[in-house]
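Heads up: the structure comes next, in structure tokens.
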Amino acid sequence: MQHWFLDSEFPNAEPQHSAFHVIPFPLEETVSYMGGTKEGPKAIIEASGQLERLVEGYGNPGSLGIHTTDPIPVNGGLVHAIKLAGNAMQYAMRCNATPVLLGGEHSVTNAAIDLLLDCGEVGVLQFDAHMDLRDTYEGSKLSHACVMRRVVEAGIPLFQVGIRNYSEEDLAAREQYRVGYYDASTLYRCKDLSSLKLPSLFPKKLYITFDVDAFDASLM
């Protein structure tokens, strides 16, 4: 049985009449430890059926329309898959919808770079345990460990939240590209997380990306 996001609450809306396009991207090409990232989109969509439609402080955002696309094909290689995902995100924008890309490993963010360059002044807000700022990793410039390096090389402002483990190369790149951050130690010591703000000059339009290891491992 095929599911769509929040299928227990809403029909799968037509793409042209949706405020959100959920794009499953079951990518598992550059993982460097355990596998399973390709199962992520399916698991998230199936679990979404346990959610209810009302969100505290936001009312009923799903009533604006949620369209879940078919999964992005990944059997044609990494570069081709990233291009297809980027096309799906571009189509969402042409429908005046917000693209929601579900990975898959974190290299899925490569699909958003060209889109962000076409969106004017926009910044990337990254929640992650790792910086992902290496130039290459295990022979690939498109690795999950390099994706934010590709973002900053494209001239897109980046702010990182939750970092707790990194390489010397990551740290040097953060300094070189003047990446802003609240590391995990800052979050741990902070008594009022609402006091942590993005820099005043950081773009107001955001592309937000989450890696699950940003969260407390005991809760995942």
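This model, with +1 at the C-beta of Lys and Arg and -1 at the C-beta of Asp and Glu, gives segment 125-185 a dipole about its Cα centre of some 160 debye.
Within the chain, which is the longest segment that contains none of the GluC sites (Glu not before Pro) sitting in a DSSP loop with at most 14 other Cβ atoms within 10 Å? Result for the longest clean stretch: 139-220.
Look at the Cα gyration tensor of segment 1-119: its axes a ≥ b ≥ c give a/c of at least 1.5 with a/b at or below b/c, and that counts as oblate. The lysines whose alpha-carbon is closer than 26 Å to the alpha-carbon of Lys197, local same-chain residues fewer than 8 away aside, are Lys205.
Of the options (1) 158; (2) 118; (3) 144, only one is volume of the Cα convex hull per residue in Å³ as computed from these coordinates, and that is (3).
Using a simple spin-label model with pseudo-atoms 7 Å out from Cα toward Cβ, Phe210 and Asn60 lie 2.4 nm apart. May I ask for the net charge around Tyr137, where only other residues with Cβ less than 13 Å from the Cβ of Tyr137 are counted and Lys, Arg are +1 while Asp, Glu are -1? Counting the neighbours of Tyr137, the net charge comes to -3. Note on segment 35-73 and segment 109-171: Cα centroid distance 24 Å, given to the nearest whole angstrom.
Comparing Leu64, Leu206, Leu101 in a Gaussian network model of the chain, where Cα atoms under 10 Å apart are tied by springs, the biggest mean-square fluctuation is seen for Leu64. Checking the Cα-Cα distances for Lys42/Lys141; Lys38/Lys191; Lys141/Lys204 against a 31 Å cut-off, the pairs over it are Lys38/Lys191.
Which residue, Gly139, Val179, Pro61, has the largest displacement toward the positive end of the dipole of the chain when charges sit on each Cβ (Lys, Arg +1; Asp, Glu -1)? My answer, from the dipole projection, is Val179.
Under the rule that an exposed site lies in a DSSP loop and has at most 15 other Cβ atoms within 10 Å, name the longest stretch of the chain with no chymotrypsin sites (Phe, Trp or Tyr not before Pro) of that kind, not counting the sites themselves.
59-214
No value in this document is a laboratory result; all are computed from the given coordinates. Because the structure is predicted, anything quoted here is derived from the model rather than measured. Here Cβ is always computed from backbone atoms with ideal geometry, including for glycine, and neighbour counts include all displayed protein chains.
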